[in-house]
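To start, the structure itself, in structure tokens.
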Amino acid sequence: MSRGVGAELARRAAAVIAGVFLIVASSQGLDDHGQLENPALQARYEHITQQLRCLVCQNETIADSDAELAAELRDEVRQMLIAGKSDAAIYRFMRARYGEFVLYDPPLDARTIFIWGAPFALLLIGGIVIYRVLRVRSRMPLDDEQEAGPK
Amino acid sequence: MWKWKFVLPIVAFLALIVLFAFGLNPKRDLHYLPSPLIGKPAPQFALSDVLDPNRIVSNGALKGHVYVFNVWATWCGACREEHETLLAISRQNVVPILGLDWNDQRDRAQQWLQQLGNPYQGVGFDDKGRVAINWGVYGAPETYLIDRQGRILYKHIAPMTMNVWNKQFLPRIAAARRGGA
């Protein structure tokens with residue numbers, strides 16, 4: 001008997017709590033799964049959180065990470081999207097606080113030019129080396145032809 | 001004429017050794033990230049105090065003063081480790097220490113301060129972590145030094161020690177005060 005009442009109370013309490021969550025969530029532009037109601041915003045949210053590094057785990061995006069800080073940063077991104085901030089503004093926000101490290105795709109500037117330029121520089125150096133080697137070799141007599149000649 | 005062909009690989013090899021010596025140095029802390037906020041104005045905040053929820057803790061009240069801002073939490077083992085040092089620093093009475101209790105539970109934080117002692121002038125209760133995000137906090141403990149103009153002078157990531165305090169903080173505090181302004 002008393003157990004039945006307790007269960008009923010617990011059920012009602014759960015319903016009230018769920019209701020409150022729903023109201024709070026919907027008032028923030030989120031549905032009951034924590035997704036943004038606007039699908040375009042949700043798509044941007046998913047893209048942006050894939051581009052930001054979790055500062056705690058460092059090799060995970062904030063979309064993938066279970067760290068509490070990642071959850072808070074995801075929430076921050078959601079709130080900024082709802083507030084109508086542009087992608088660039090969100091990246092600027094994160095970069096101003098956590099530095100370039102937070103971006104998986106660091107911008108091209110004086111400090112990162114080496115990283116961006118190194119592959120091209122190496123390709124150029126390699127090309128010059130190959131060119132010079134080939135040019136020297138092409139002037140050499142072909143050994144096997146000489147050997148083949150007299151026989 | 002020929003020489004550079006032999007010298008160049010050796011120079012390149014030496015350059016690689018220097019690069020690897022830095023890159024593979026086991027003492028290098030891969031988790032250390034320089035803060036882009038150094039030299040920038042410290043983010044303003046106003047939060048309820050951990051000990052007295054009716055009191056507002058704000059760094060705006062410390063404008064014109066050099067102060068220390070320390071981020072901690074009861075779930076953070078290294079914060080327990082540095083607590084004695086913070087108490088010793090607060091007894092020196094050099095600068096006020098403002099605390100930020102990050103992603104924590106109020107009752108646990110209150111217990112912590114009552115049992116271990118309270119080095120803080122006030123402790124903001126940041127259970128949502130929003131103030132911490134503004135400061136670029138990514139791990140506790142973190143300790144900041146803020147000058148009279150409200151700019152962040154220095155950030156220490158890791159437990160505070162007397163060595164760090166004497167070598168990194170005290171000289172900067174003295175310089176910030178000498179700077180007048």
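At R0 = 41 Å, how high is the FRET efficiency between residue B:18 and residue B:65 if r is their beta carbon distance? Nearest 0.05 is fine. Step by step, r from the Cβ atoms, then E = 0.40. Between residue A:79 and residue A:58, the modelled label-to-label distance comes to 2.8 nm, taking each label 7 Å out from Cα in the direction of the beta carbon. The residues of region A:46-78 listed by number as losing at least 50 Å² of accessible area in the complex, against the isolated chain and with a 1.4 Å probe, are A:58, A:72, A:76.
Computed about its Cα centre, the charge dipole of chain B is approximately 940 debye, with only Lys, Arg, Asp and Glu carrying charge at their Cβ.
Quick one: of B:5/B:27; A:85/B:27; A:85/B:155; B:128/B:155, which pairs are farther than 31 Å apart, Cα to Cα? Too far apart for the 31 Å limit: B:5/B:27; A:85/B:27. Computed as a quarter of the hull surface, the mean projected area of the alpha carbon convex hull for the protein assembly as shown stands at 32.7 nm².
Report summary: the helix-based calculation at 222 nm, which adds -39500 (n - 2.57) for every DSSP H run with n ≥ 4 and divides by the residues of chain B, gives -10500 deg cm²/dmol.
Could you tell me the relative contact order of chain B? Use alpha-carbon pairs under 8 Å, at least six residues apart, and round to a whole percent.
Relative contact order, chain B: 26 percent.
Over all directions, average the projected area of the Cα convex hull of region B:39-178 and note it in nm².
So the mean shadow area of the Cα hull is 7.4 nm².
The contact between chain B and chain A removes approximately 1400 Å² from the accessible area (both sides summed; 1.4 Å probe; ligands, DNA and RNA excluded). In percent, rounded to a whole number, the relative contact order of region B:27-80 is 19, using alpha-carbon pairs under 8 Å and six or more apart. The label-point distance for residue B:94 and residue B:172, in a model that sets each label 7 Å from Cα toward Cβ, rounds to 1.2 nm.
Neighbouring Cβ atoms from other chains, within 10 Å of the Cβ of residues in A:95-108, number 3 on average.
Under a Gaussian network description of chain B, with springs only between Cα atoms under 10 Å, the residue in B:71, B:94, B:137 that fluctuates furthest is B:94.
Amide H contacts under 5 Å for residue B:122: B:99, restricted to partners 5 or more places along the chain or on a different chain, H placed in the peptide plane at 1.01 Å from N. Per residue, the solvent-accessible area of chain B (1.4 Å probe, heavy atoms of protein chains only, all protein chains present) comes to 55 Å².
On the protein heavy atoms, probe 1.4 angstrom, tell me the percent of accessible surface of region B:39-178 carried by carbon and sulfur.
Accessible surface attributable to carbon and sulfur in region B:39-178 totals 48 percent.
Within 10 Å of the Cβ of each residue in B:133-145, the mean number of Cβ atoms contributed by other protein chains is 3. Take the alpha carbon atoms of region B:59-75, find their center, do the same for region B:81-109, and report the distance between the two centers in whole angstrom. Each part reduced to its Cα centre gives a spacing of 9 Å.
The values are calculated or read from the model by the stated rules, or taken from the named source; none is laboratory data. In this text, all values refer to a predicted model and were calculated from it rather than measured experimentally. Quick reminder, even Gly has a Cβ in these numbers, built from the backbone with ideal geometry, and neighbours come from all protein chains shown. Heavy atoms of the whole protein, side chains included, go into the accessibility calculation; ligands, DNA and RNA do not. Shrake-Rupley method; radii C 1.70, N 1.55, O 1.52, S 1.80 Å.
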